[in-house]
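The next block holds one structure in the form of structure tokens; read it before the comments.
All of the numbers you see were taken from the coordinates with simple rules; none came from a lab. Given the structure is predicted, the values throughout are model-derived calculations rather than measurements. Please note: Cβ atoms are built from the backbone with ideal geometry, for glycine as well, and neighbour counts cover all protein chains shown.
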Amino acid sequence: MNEKKLLDICVGGVWRPGRGEAYASVYPATGQPIAHLRAASVDDVHEAVALADDAFRRGEWAQKKPHERAWVLYRVAQMIRERAEELAQKQRLDNGKPITETRALVASAAATFQFYAAACESLEDSLTPARGDCLTMSVHEPMGVVAAITPWNSPIASEAQKLAPALAAGNAVIIKPAEITPLMALELAAICELAGVPAGMVSVLPGKGSVLGDALVRHPLVKRVAFTGGTRTGKQIARIAADKMMPVSMELGGKSPTMVLADADIDHAVNGVLYGIFSSSGESCVAGSRLFVARPLYAQFMDRLSDAARRLRVGDPADPATQMGPLISEEHRATVERYVALGLSEGGTIRTGGKRPEGKGCDQGYFYAPTIIENLSNTDRTCQEEIFGPVLVAMPFDDEDALIALANDSVYALAAGIWTRDYKKAWRIGRQIQAGTVWINTYKQFSISTPFGGWRDSGLGREKGRLGIQQYMEQKSIYWGMNAQPLPWANC
């Protein structure tokens, strides 16, 4: 690789090449490199953490009044909007999502910074009820250096959801983006500096998670880790965090059920199910990858759903008409293909898809057709393990009790969808489903104002929401003595 063309990374406010191996960021639609950079090394991790800790202790950011930090975050939001199309195109190249989706992700990132700017300047500590001769208060303080380890499927949105509240709380932040999608984290760091975040408060360390992420999590000066990614990695982080007594938040895997009841509006349900599993090429933690349809409706619904799936437009992510782009890599596509083969070996049959699409340039990148598999049991591996691709397993159900048991029969509990016209039934089922998010007559809708996270193997803690700032702060109680006489115990 030509050293002169290497992208700089951000180490404690210093923009320079990393000390690790050189590698290329590849456009999944063509398999061609779009950027070259040198990864960070473990030495870069130690340097970034030391510089971040120093920047935090100087207090130039942490000691600003909340409204002063908020003003900088508002500027970040505005600068993202000013560069929205440029950032959306770069995000498209970074991970192959269709341009309509990357535009939405950029808008989401801007909205996240705006929301946490408002939350920052309006967040209140509390005067707690007195229980003696003391004025009692509960306040929150920034932690120091926090690490944000982010995934490759929605980089700019995922990074904003960690970076914005952590900065709003007054912390220094080190972002470890997915190795194969480093570009958006670097852009956000540059925008933060231009907006007025002091140098050293944001670092970006691209490279292998098994090396850099591990070093970050273990570092004694890292006071908190926010992680989005696979469950196996999340559990390893949790084990390290336990030894450090360090708080973590983790948004992990999912095998989310979507349930179509006999009285559902079929038009709404078909569109919602398709969007829930096949948007983002199924590379989404909340993908509605297990479909349960009431048996009397099953044949009719599956005919409609399969016909619509075959009409989805798979192809060039630069085309605004494209609904599904490529998978992230050749390796990941091979994993999806192995799962489809597993489904067939378990007795499943392919209703549609199950192969690589042809034409429209799909032979150049890592494309895979929308796939629906039937005739499996919910206990089969294909129905229990996260595939993270455009593969839907469909099963009929007979009654409400059976449906709830099937939906909850998973180690994951991230999200679920319910389609019915009966609002009482929707409420009853929704309260019995074990999941961090339940959508009723919609799917995959998000709000930065509403907490998000999972149960069981789908994660720990929550992101988003007004109190999301406090996830990046330590609570402190203050007792202010108001007694007129000395404390009686010493009897002086």
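Among VAL248, SER289, ALA264, whose Cα lies farthest out toward the positive end of the dipole of region 218-317, if unit charges sit on the beta carbon of Lys, Arg (+1) and Asp, Glu (-1)?
VAL248
Could you give me the ³J(HN,Hα) list for region 51-65, computed from phi with Karplus coefficients 6.51, -1.76, 1.60 and θ = phi - 60°, whole Hz, x at Gly and Pro?
In residue order, the calculated couplings are 5, 5, 4, 5, 4, 5, 5, 5, x, 4, 9, 5, 8, 5, 4 Hz.
Give, as a single signed number, the net charge of other residues whose beta carbon lies under 15 Å from the beta carbon of ARG313, with Lys and Arg counted +1 and Asp and Glu -1.
Details: positive: LYS97, ARG310, ARG311, LYS360; negative: GLU101, ASP307, ASP316, ASP319, GLU358.
That works out to -1.
Quick one: which residues, 5 or more positions from ILE175 or on another chain, have an amide H under 5 Å from its amide H? H modelled 1.01 Å from N in the peptide plane, none for Pro or chain starts.
Correct list: ALA148, SER203, VAL204, LEU205.
Compute from the Cα atoms of the chain the Rg and the Dmax, the latter being the longest Cα-Cα distance, and quote both in angstrom.
24.2, 91
What does the helix-only formula give at 222 nm for the chain: each DSSP H stretch with n ≥ 4 adding -39500 (n - 2.57), the total divided by the residues, and the result rounded to the nearest 500 deg cm²/dmol? Kindly include the intermediate steps, with their values, before the conclusion.
Details: 14 runs with 184 residues, N = 492.
Result for the chain: -12000 deg cm²/dmol, rounded to the nearest 500.
Pull up all non-local amide H partners of LEU327: gap of 5 or more, or a different chain, and H-to-H distance under 5 Å with H placed in the peptide plane.
Excluding prolines and chain starts, which carry no amide H, the hits are TYR366, PHE367, TYR368.
Using unit Cβ charges (K, R positive; D, E negative) and no other charged atoms, how large, in debye to the nearest 20, is the dipole of the chain about its Cα centre?
Values: 53 positive and 54 negative charges, 70 e Å.
Using Cβ point charges on Lys, Arg, Asp and Glu, the chain gives about 340 debye.
Based on the mean of other Cβ atoms within 10 Å per residue, sort peptides 481-491, 310-320 so the most packed one is first. Intermediate results must be reported in sequence, preceding the final value.
On the way: 481-491: 8.1, 310-320: 16.7.
Packing proxy ranking, top to bottom: 310-320, 481-491.
Enter the Cα centre distance for the pair region 108-160 and region 276-313, rounded to the nearest angstrom.
Rounded to whole Å, the Cα centres lie 37 Å apart.
LYS235: which lysines have alpha carbons under 23 Å from its alpha carbon, excluding same-chain residues fewer than 8 sequence positions away?
Excluding near neighbours in sequence, the set is LYS162, LYS176, LYS208, LYS223, LYS244, LYS255, LYS464.
Which of TRP152, TRP15 comes first, and how do the rest follow, when ranked by fewest Cβ neighbours within 10 Å?
Arranged by neighbour count, lowest to highest, TRP152, TRP15 become TRP15, TRP152.
Say each of ALA238 and SER477 gets a label point 7 Å from the Cα, pointing the same way as Cα to Cβ; how far apart are those two points in nm?
2.8
Within 10 Å of each residue's Cβ, count the other Cβ atoms and sort LYS223, LYS255 from fewest upward. Walk me through the intermediate numbers first.
On the way: LYS223 21, LYS255 25.
Lowest to highest Cβ neighbour count: LYS223, LYS255.
Could you please report the charge total around GLN432, scoring K, R as +1 and D, E as -1 over all other residues with beta-carbon less than 10 angstrom from its beta-carbon?
Cβ neighbours under 10 Å give a net charge of 0.
Sorted from fewest to most neighbouring beta carbons within 10 Å, what does the list VAL42, VAL26 look like?
Arranged by neighbour count, lowest to highest, VAL42, VAL26 become VAL42, VAL26.
What residues have an amide H closer than 5 Å to that of THR437, excluding those fewer than 5 places away on the same chain, when H is modeled at 1.01 Å from N in the peptide plane?
ALA415, ALA416
Any chance you could tell me what percent of the C-alpha pair distances in region 404-492 go past 20 Å?
Numbers: 2188 of 3916 pairs.
Pairs farther apart than 20 Å: 56 percent.
When the dipole is taken about the Cα centre of region 257-440, and only Lys, Arg (+1) and Asp, Glu (-1) are charged at their Cβ, what size is it in debye, to the nearest 20?
That gives region 257-440 a dipole magnitude of about 240 debye.
Assuming 0.692 mPa s and 37 °C, estimate D for region 257-440 with Stokes-Einstein, Rh taken as the Kirkwood radius over Cα pairs, in µm²/s.
Rounded, D is 199 µm²/s.
Counting other Cβ atoms within 10 Å, keep those with at most 16, restrict to DSSP loop, and tell me which trypsin sites (Lys or Arg not before Pro) in region 419-492 are left.
Values: sites: ARG421, LYS424, LYS425, ARG428, ARG431, LYS444, ARG456, ARG462, LYS464, ARG466, LYS476; in loops: ARG421, LYS444, ARG462, LYS464.
Here the sparse-neighbourhood loop sites are ARG421.
Which of SER329, LEU93, SER477 sits closest to the plus end of the dipole of the chain, meaning its Cα is farthest towards the positive end, when Lys and Arg get +1 and Asp and Glu get -1 on the C-beta?
With unit charges placed on the Cβ atoms, the residue in question is SER477.
Sort 144-151, 160-167 by the packing proxy (mean of other Cβ within 10 Å over each peptide's residues), most packed first.
My ranking of the peptides, most packed first, is 160-167, 144-151.
Take peptides 295-305, 104-114, 265-275, 187-197 and line them up by average Cβ neighbours within 10 Å, highest first, as a rough protection proxy. Please list the in-between numbers first.
Values: 295-305: 15.9, 104-114: 22.6, 265-275: 18.4, 187-197: 20.4.
Ranking the peptides 295-305, 104-114, 265-275, 187-197 by packing returns 104-114, 187-197, 265-275, 295-305.
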